[in-house]
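**Student:** The structure that follows is given in the form of structure tokens.
Computed from the coordinates by the stated procedures, all read-outs in this text should not be read as laboratory data. What you are looking at is a predicted structure, and each value in this text was computed from that prediction instead of being measured. Every residue, glycine as well, gets a Cβ built from its backbone with ideal geometry; the counts of neighbours run over all protein chains shown.
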Ligand SMILES: *Cc1c(COP(=O)(O)O)cnc(C)c1O
């Protein structure tokens, strides 16, 4: 049905009638979306089945990527792109009177993630399928994704993201593959043929039902599976934990509500740990359902369990799915009857772990009592793992009590998930060179000293298929005209653009495309926000989660400073800037929310001051999400990557901007360091404290934020404007907390310390921008080196260094 345009149009029109009972002229955009989505689903069905069959028949090693988050965004455009039918479908729909972009807008974002971590999982799935690796996602089908953000009177307001309301054309419910997950209850110990056996009784049963989404690889790639689990009540009422049968109906309703809550919503928390029972339930639900389903597939191969590590790799995306370790132990020991040592050998050769953070507030620690009650058998297994591990440590480090207690899994009635993940896995990786170094030398130093061979770096990446080919088709085409199309399947080939960096025709092409992307974004903003922005200004973009360490505050303070400069010298020449923000704050993160309010107050003043607004405009775009990122990033001139050195594990937003030709202003943090190594000082705007400086301040305690306030009159003026005099006044209560964090709490993220170098570096940007040729050359150099950050590279390294898998040839043509 996608072989040629005429067939496509014919099938499409027929399905509109047969499935919706509508003719072309009656169809709404949503109908077109539904029909087209259904056609794609149907079309890939055979390839999906063929991939699964090939994997089974050839007993391929399978990778299962466990993640509590998959921030996949929309699938329609990328699926059409990866199937190689995008242009044909666009043109066919146009002939039927429909604009594909408008149809794509009908799709709700699958926002099953907070930010970078969830987006990484989505990029990895795309790369796995496109590179023909047998790798699948394993996650939760949250009924509500990350909240939808509205800005009302300058404040963030959170609305539920009811993304499934109108159905999901991509998913397939597989009731036949449901498994049972058990909570609560008591462990009973018995003997069976000289062996101690454990039974849990009085447990609560929850049905885990998988919804499978095909992950469609590009070109010769194949169709893998993203399996999202949904919690449903077990229908066999007799087994529900109710002592009193009289009111069993009400008990059932209560039970039903509590079960459904397990996959009801995604916790809207980024870089912070929440010790909530429901969150623990979600984690175990995913781990138990996922592991059971993996073993059921493995069982069909008829092999011994000790061969499991040769056929299955389980990867955990941060510590959220660490319970796969005790859960796999539980099944092998209790259900399959293996001895502890053998089960442990199998488990710890099957699981690998990615650490995502250096922030101590993000390290998961569960109260032992909570785990003991909710998961009594799993708790005993964790205790046993800890006991055996600690006795090994006693042998190895006799008398070094401090080291042993740092390494222990259970300590002070807390279960430390990172420690469990390292002990129970064969590989641990950080997500950027600097981050991995910090893991080895600081955060996980004792673990690294114990298991140096387990640690490696795997710098994050992004899929160029979504972040260049789909979101910036103009640039993609220009690149192909310049260097041919080899970069499409081998993005490192983008480096060939180096030979065109000073070519004036190519430079003009780059400028033309950036200009048209900026106009497109300006139109979107005019439509959404009623503000006309100037496409000749520098589009200076800061989009990511709102967090202290990401320093949106530093950015808005320099905006206020720029406003002051313009007001002081209204006649002075200045390169016009449009500063664009987009960020969601966790609902309970009050400081972050008042920074959003501040940005909006500043935007309001700046944009309405006619003395200023031809030189400076400020926008906060609401509901930053994957689909919004795809609109904003291709239009950016400047990428703000200004986290406090040592805080951002990697960043992936930085890579997306680079790939779209924006120049980065940034600190030497996360993957910025590696960008800098590729680009050099001439092609990136570096500023601020480096990691060594930050560590030195931590060591000496010599940083005094109030001194910066006292010594730098620009800082004093800007901060005073937040609470008293001037155009941002009347918000005393509002911004007092921000001031407090800077002055009373000594500016945890060194905002005031870096203010001066940040402002100076922003001025350098203006100077370079005035020279269009020089700017464009730097932009081309950025695009040329961005292939290094393709998630295809990253996935090749995971495949060879961690998972030990090779590409699979699926026997069937498209
Ligand atoms: C890429 C991406 C992120 C991560 O951005 P960072 O700048 O690396 O923090 C967050 N949210 C969305 C929607 C993204 O696309």
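**Student:** Suppose we keep just the alpha-carbon trace of region 689-814; what are its Rg and Dmax in angstrom?
**Tutor:** Radius of gyration, then largest Cα-Cα span, for region 689-814: 23.9, 72 Å.
**Student:** So what is the 222 nm mean residue ellipticity for the chain from helices alone, if each DSSP H run of at least 4 adds -39500 (n - 2.57) and you divide by all residues, rounding to the nearest 500 deg cm²/dmol?
**Tutor:** Value at 222 nm, helices only, nearest 500: -14000 deg cm²/dmol.
**Student:** If Rh is defined by the Kirkwood formula over all Cα pairs and Rg also comes from Cα, what ratio Rg/Rh do you get for region 49-191?
**Tutor:** 1.06
**Student:** May I pose another question? Alpha carbons only, please: Rg and Dmax for region 370-515, in angstrom.
**Tutor:** Using the Cα atoms of region 370-515, the pair Rg, Dmax is 24.9, 71 Å.
**Student:** Evaluate region 23-123: find the radius of gyration of its Cα atoms, find its Kirkwood radius, and give the ratio Rg to Rh.
**Tutor:** Reported Rg/Rh, Kirkwood definition of Rh: 1.05.
**Student:** With 10 angstrom as the radius, rank 24, 478 by how many other C-beta atoms surround their C-beta, starting from the fewest.
**Tutor:** 24, 478
**Student:** Take the eigenvalues of the Cα gyration tensor for region 281-381, scale each by 5, and report the square roots as semi-axes in whole Å, largest first.
**Tutor:** Listed largest to smallest, the semi-axes of region 281-381 are 24, 16, 12 Å.
**Student:** Right, here's the next one. Taking the alpha carbon gyration tensor of region 92-132, what are the square roots of 5 times its eigenvalues, largest first, to the nearest whole Å?
**Tutor:** So the three semi-axes of region 92-132 are 29, 16, 6 Å.
**Student:** Express as a percent, rounded to the nearest 5, the fraction of DSSP beta bridges in region 40-170 (both residues included) that run antiparallel.
**Tutor:** 65
**Student:** Would you please classify the overall shape of region 311-431 from the alpha carbon gyration tensor, given that a ≥ b ≥ c denote the square roots of the eigenvalues, rounded means a/c under 1.5, and beyond that prolate means a/b larger than b/c while oblate covers the rest?
**Tutor:** rounded
**Student:** While we're here: Does anyone have the angle between helix 248-260 and the longest principal axis of the chain? Alpha-carbon axes, 0 to 90°, nearest 10?
**Tutor:** 50
**Student:** Roughly how tilted is helix 5-20, in degrees to the nearest 10 and between 0 and 90, from the longest Cα axis of the chain?
**Tutor:** Result, in degrees: 60.
**Student:** How much of the pair distance distribution for region 768-814 lies past 18 Å, counting alpha-carbon pairs only, in percent?
**Tutor:** Tail of P(r) above 18 Å: 58 percent of Cα pairs.
**Student:** Out of every Cα-Cα pair in region 623-723, what percent are more than 25 Å apart?
**Tutor:** Percent of Cα pairs beyond 25 Å in region 623-723: 37.
**Student:** By how many degrees, 0 to 90 and rounded to 10, does the Cα axis of helix 116-130 deviate from the longest principal axis of the chain?
**Tutor:** Orientation of helix 116-130: about 70 degrees from the principal axis.
**Student:** For region 87-155, divide the Cα radius of gyration by the Kirkwood radius and give the resulting Rg/Rh value with two decimals.
**Tutor:** Rg/Rh for region 87-155 comes to 1.10.
**Student:** Going by the alpha-carbon gyration tensor, a ≥ b ≥ c the square roots of its eigenvalues, is region 679-735 rounded (a/c under 1.5) or, if a/c is not under 1.5, prolate (a/b greater than b/c) versus oblate?
**Tutor:** Taking the square roots of the gyration eigenvalues as a ≥ b ≥ c, region 679-735 is oblate.
**Student:** Averaged across orientations, what area in nm² does the convex hull of the alpha carbons in region 198-334 project?
**Tutor:** For region 198-334, the mean projected area of the Cα convex hull comes to 11.5 nm².
**Student:** So what does log10 I(q)/I(0) come out to for region 589-661 at q = 0.11, 0.14, 0.23, 0.26 Å⁻¹, using the Debye formula with one equal point on every Cα and no solvent?
**Tutor:** -0.38, -0.63, -1.22, -1.21
**Student:** Report the antiparallel proportion of the DSSP beta bridges in the chain as a percent, rounded to a multiple of 5.
**Tutor:** Just about 45 percent of them are antiparallel.
**Student:** Could you tell me what fraction of 2.2 N^0.38 Å the Cα radius of gyration of the chain comes to, as a two-decimal ratio?
**Tutor:** 0.97
**Student:** Right, here's the next one. List 542, 608 from most exposed to least, where exposure is judged by having the fewest other Cβ atoms within 10 Å.
**Tutor:** So the ranking, lowest neighbour count to highest, is 608, 542.
**Student:** To make sure I understand, if each residue's beta carbon is the centre and we count other beta carbons within 10 Å, what order do 453, 171, 327, 307 fall in, fewest to most?
**Tutor:** The fewest-first ordering by Cβ neighbours comes to 453, 307, 171, 327.
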